[in-house]
1. Which value, in Å³ per residue, describes the convex hull spanned by the Cα atoms of the stretch 2-70?
2. Using only the Cα atoms, what convex hull volume per residue in Å³ does the chain have?
3. Could you state the accessible area per residue of the chain in Å², with a 1.4 Å probe and every protein chain left in place?
4. So what J values fall out for the stretch 82-90 if you push phi through Karplus, 6.51 cos²θ - 1.76 cosθ + 1.60 with θ = phi - 60°, rounded to Hz, Gly and Pro as x?
5. Using a 1.4 Å probe on the protein chains only, how many percent of the accessible area of the stretch 113-202 belongs to carbon and sulfur?
6. Against the longest alpha carbon principal axis of the chain, how many degrees, from 0 to 90 and to the nearest 10, is the axis of helix 186-201 turned?
7. Using the basic label-point model (7 angstrom from Cα toward the beta carbon), what is the Ala125 to Arg47 distance in nanometres?
8. Measure out, as a whole number of angstrom, how far apart the alpha-carbon centroids of the stretch 168-202 and the stretch 72-119 sit.
Amino acid sequence: MTEEWTPGLVLHSPGGTRYHFDPGALCLELLTTGGPGAYARYEVLHRPEDLVQWLGESRLRLPADAVAVSTGQLAAARTLRDALWRLAAARAHGRPGSAADHAVLNEAAARPPLVPQIAPDGTAARPLPADGSQLVSTVARDAIALLTGPHADRVRECGAADCHLVFVDTSRPGRRRWCSMEHCGNRHKVRALRARRDQTEE
Ligand SMILES: [Zn+2]
């Protein structure tokens, strides 16, 4: 890819405002597609095409015609995602997570991943065609690298009480608090300002 691009996803707040969210890792991008328990109502992976669409929006930026996903592979992607949700939340609270969820990651990662390639111009080439099993393996390997790597202690939940987005803080100072400055960071600033104003009016 030669054009400038910023990794991350475009999300919509309940009020319909668009904002940019870069969770810092491919595996954490998958967590925006739904999840276990209370997150099930945010499910967007209903059909194989939905996973292909996520792939196009994720930091992999794979074109829609490049990946073939079966319904079984879609189910595997959802199973991996739900395990990843629990593991990322556990990690954010300083715990390693359950053996059952580790087994889901290990099993997915044991399959062949998307093959990395280099194009004649020296840039990353799209490893295509690919299938859903390779995709699930690639995401699982990314998750294992994250959870066992130097930034494992930097996996955090957004600081806003009503936001459950998870990110990894890869910034040098390591003080990232919000999923997105333009969304939760800004909401916090507005609230803090209002609280200060109310105090002076009393
Ligand atoms: Zn947030």
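The values are calculated or read from the model by the stated rules, or taken from the named source; none is laboratory data. Just so we're clear, the structure is a prediction, and the values are computed from it rather than from any experiment. FYI the Cβ positions are ideal-geometry reconstructions off the backbone, even for glycines, and counts take in every protein chain you see. The protein model used for the area step is the full one, side chains on, heavy atoms only, and it has no ligands, DNA or RNA in it. Shrake-Rupley method; radii C 1.70, N 1.55, O 1.52, S 1.80 Å.
1. 114
2. Working: hull volume 31.4 nm³, N = 202.
Spelled out: Cα convex hull of the chain, divided by residues, is 156 Å³.
3. Numbers: 11420 Å² over 202 residues.
About 57 Å² of surface per residue is accessible.
4. 5, 5, 5, 4, 5, 5, 5, 5, 4
5. Values: 3010 of 5670 Å².
Here it works out to 53 percent.
6. Helix 186-201 sits at roughly 10 degrees to that axis.
7. About 3.3 nm separates the two model spin labels.
8. Between the Cα centres of the stretch 168-202 and the stretch 72-119 lies a distance of 31 Å.
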